[in-house]
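Bear in mind these aren't lab numbers, they're just calculated from the coordinates by the rules spelled out. The shown structure was predicted, so the numbers you read here are calculated from the model rather than taken from an experiment. Using ideal geometry, Cβ is built from the backbone for each residue, glycine included, and neighbour counts are taken over all protein chains shown.
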Amino acid sequence: MFDPAPLARLRALAAEDAGPISVRYQFARDEQGRAVMEGHAETPLPLLCQRCARVFLFVVRADWRRVFVRSQADERDLAEKGVDVCYHHGPLDVADVVEEELMLALPMAPRHLEECESVLRPLAGAHPFAGLAGLLKRDRHNN
């Protein structure tokens, strides 16, 4: 289990306090001797539904494989092949990687999976383009 407390950017997107994050990761070397990080993280995250404006629990899951490169040539070469690369020097903050991957796995517009009622309800009897009818009549009258 991973404590979500230091993940400020992810916490800022949650509607309420998030629970613990389940994380598995491992490091290895690829055929060229570059460091590779593979991982999986998941957490139930309370999000605000963009349809009904109520909080719901969304299980965010992220799987990743990152190749760490030390040259821009390596970065370009692997990126052109569709490999997730990270141009990196110095110590690695695993919490940053986990946070970034979970943020990328979030939906752009969180909504309940099942149907919910929209907070935007049309007014009874109102037609959004009713005002245009008056403009059309006035335009025809002037011509």
Quick calc, CYS116 & GLU38: beta-carbon distance into FRET formula, R0 35 Å, rounding 0.05, result 0.45
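Under 8 Å for C-alpha pairs, at least 6 residues apart: give me the relative contact order for the chain, rounded to a whole percent. Could you put the intermediate results ahead of the total?
Values: 199 pairs, mean separation 28.6, N = 143.
Over the chain, the number comes to 20 percent.
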I'd like to verify something in the chain: which complete DSSP H helices, judged by Cα projection on the helix axis, reach 15 Å or more and average at least -0.5 on the Kyte-Doolittle scale? 94-105
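For the chain, what class follows from the C-alpha gyration tensor (a ≥ b ≥ c being the square roots of its eigenvalues): rounded when a/c is under 1.5, otherwise prolate if a/b is larger than b/c, else oblate?
On the way: a/c = 4.20, a/b = 1.98, b/c = 2.12.
Oblate, because a/c is 1.5 or more while a/b does not exceed b/c.
For a quick check: sort PHE129, PHE68, PHE27 by the number of other beta carbons within 10 angstrom, fewest at the front.
On the way: PHE129 7, PHE68 18, PHE27 12.
Taking fewest neighbouring Cβ atoms as first place, the list is PHE129, PHE27, PHE68.
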Taking the chain as a Gaussian network, Cα atoms linked when under 10 Å apart, which of PRO46, PRO91, PRO107 shows the biggest mean-square fluctuation? PRO91
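Would you mind getting me the FRET efficiency between ALA53 and SER22? Use the beta-carbon distance for r and R0 = 30 Å, nearest 0.05.
Between ALA53 and SER22 the formula returns 0.55.
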For the chain, calculated [θ]222 nm from helices alone, where every DSSP H run of n ≥ 4 adds -39500 (n - 2.57): -8000 deg cm²/dmol
Could you bin all the Cα-Cα distances of the stretch 3-56 into 10 Å bins starting at 0 and give me the percent of pairs in each, rounded to whole numbers? 21, 35, 24, 15, 6, 0
How many nm separate the modelled label positions at HIS89 and SER71, each set 7 Å beyond the Cα in the direction of the Cβ? 1.5
